[in-house]
Amino acid sequence: MLITRGFSLTNFVIGSSALCFQIFVLYPWHEKLEEKFRELQKDHLRLLEDIKGEHKDELKSIRKELELLNAKKRSGNFWL
C-alpha cells in the first residue's frame with residue numbers, strides 16, 4: 001500500500017511539473033514563435049510583391065527593345 005501511494009505521489013509530481021513546464025515555458029515560447037512567423041510572412045509577401053513589380057518592369061523593357069528591333073528590321077535599318 002505504501003509503495004502504491006509512493007508511485008501515485010511520484011506520478012502526480014511528474015505530471016504536475018510537466019504541466020507547469022508546458023504552461024509557463026512552452027506556451028509563451030510558442031506565442032513568440034507565432035508572432036515572429038507572422039512578421040516573416042508579411043516580409044515575405046512584401047518582398048514577393050517587390051520582385052513581381054521588378055519582373056514586370058523588366059519584361060516591359062524587354063518588350064520595348066523587341067518592338068524597336070522589329071521596327072528597325074521592317075524598315076530595313078537593322079544594321080545601322
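Just so you know, all these numbers are worked out from the coordinates, no wet-lab data involved. What you see is a predicted model, and the numbers here were worked out from it, not measured in a lab. Note that we place each Cβ from the backbone using ideal geometry, even for glycine, and neighbour counts take in every protein chain shown.
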Checklist entry - Using the alpha-carbon atoms, what tilt in degrees (0 to 90, nearest 10) does helix 2-21 show relative to the longest principal axis of the chain? => result 30 degrees
Next on the checklist: Using a Cα-Cα cut-off of under 15 Å, which aspartates and glutamates could be cross-linked to Lys52, ignoring same-chain neighbours fewer than 8 residues away?
Outcome noted: Asp43
Checklist entry - For log10 I(q)/I(0) by the Debye sum over Cα atoms at q = 0.17, 0.20, 0.23 Å⁻¹, which listed value, (i) -0.85, -0.93, -1.01; (ii) -0.69, -0.87, -1.10; (iii) -0.80, -1.04, -1.23, comes from the coordinates shown? => result (i)
Next on the checklist: Based on alpha-carbon centroids, what's the gap between segment 47-79 and segment 1-30 in Å, whole number please?
Outcome noted: 67 Å
Next on the checklist: Under 10 Å, Cα contacts only: if you run a Gaussian network model on the chain, which one of Leu68, Leu40, Leu59 comes out with the highest mean-square fluctuation?
Outcome noted: Leu68
Item to check | the chain: most fluctuating residue of Lys52, Lys64, Lys32 per GNM, C-alpha cutoff 10 Å | outcome: Lys64
Checklist entry - Counting chymotrypsin sites (Phe, Trp or Tyr not before Pro) as exposed when in a DSSP loop with at most 12 other beta carbons within 10 Å, what is the longest stretch of the chain free of them? => result 1-77
Item to check | Most mobile of Leu33, Leu45, Leu69 in a GNM of the chain (Cα contacts under 10 Å) | outcome: Leu69
Next on the checklist: Once R0 is set to 41 Å, what does the formula 1/(1 + (r/R0)^6) return for the Cβ-Cβ distance between Met1 and Phe37, expressed as a FRET efficiency to the nearest 0.05?
Outcome noted: 0.20
Checklist entry - Once both axes come from the Cα atoms, what is the angle between helix 27-75 and the longest principal axis of the chain, in degrees from 0 to 90, rounded to 10? => result 10 degrees
